[in-house]
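A short reminder: the numbers here are calculations on the coordinates, not readings from a lab. Not measured: the values here are computed from a predicted model.
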Amino acid sequence: MRTRKERPTGPAPTPTPAPSIPPHRWAVRAAQLITLLALPTGLWRLAMVCGFPSGYTEAGFVPFDTPGSKLWMLTLSVACELLALLSLGLVRPWGETVPRWIPVIGGRPVRPLAAVVPAAAGALALTAIWAAMPLWCTGRLLVGLIYQPLVLWGPLLGAVTVSYYRRTKGSRTAHTNTP
């Protein structure tokens, strides 16, 4: 006679992520530095939105008169800083396990390539975008000083991404073989 297997009635067990290897100290410092690199340009843009010439002469300063241009500058400043803050995920626990407060996927392990691919693409794009910055800033001292740190954003993000990949590449199988 066949018997039915009893199934547990409680909630399904959540997969236990593999023990994580702590990030290198230099990677943590680099990720923290990335968040600070975008800050001067964002503050500079916000000052210009508020009507301060911010290093331009009265003749060279074009105020952002339309609501659309002000919204664009505000959006650009906030988006850049949020993207910079994402680099912290490569050295923090929330870069390996989705925080529980996020609906549907909270508590699940992050697949390493889901973080590595966008971070690597971002590093390449940022390096390409800011590569000409030293030439562009010639003759614009204040703008040059404010934008010059962005030259480091791409290479630092690339280094932190490689560190994250090396740290988490062994956990790929642990993330894909969970019940």
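Points worth noting:
- Straightening the chain between CYS50 and VAL98 buys 13.5 nm, computed as 0.36 nm per residue apart minus the Cα-Cα spacing.
- THR97 long-range amide H proximity, modeled H, under 5 Å: VAL110
- Our coupling estimate for region 149-160, obtained by passing each phi through the Karplus curve with A = 6.51, B = -1.76, C = 1.60 and θ = phi - 60°, is x, 5, 4, 7, 4, x, x, 5, 5, x, 5, 5 Hz, Gly and Pro reported as x.
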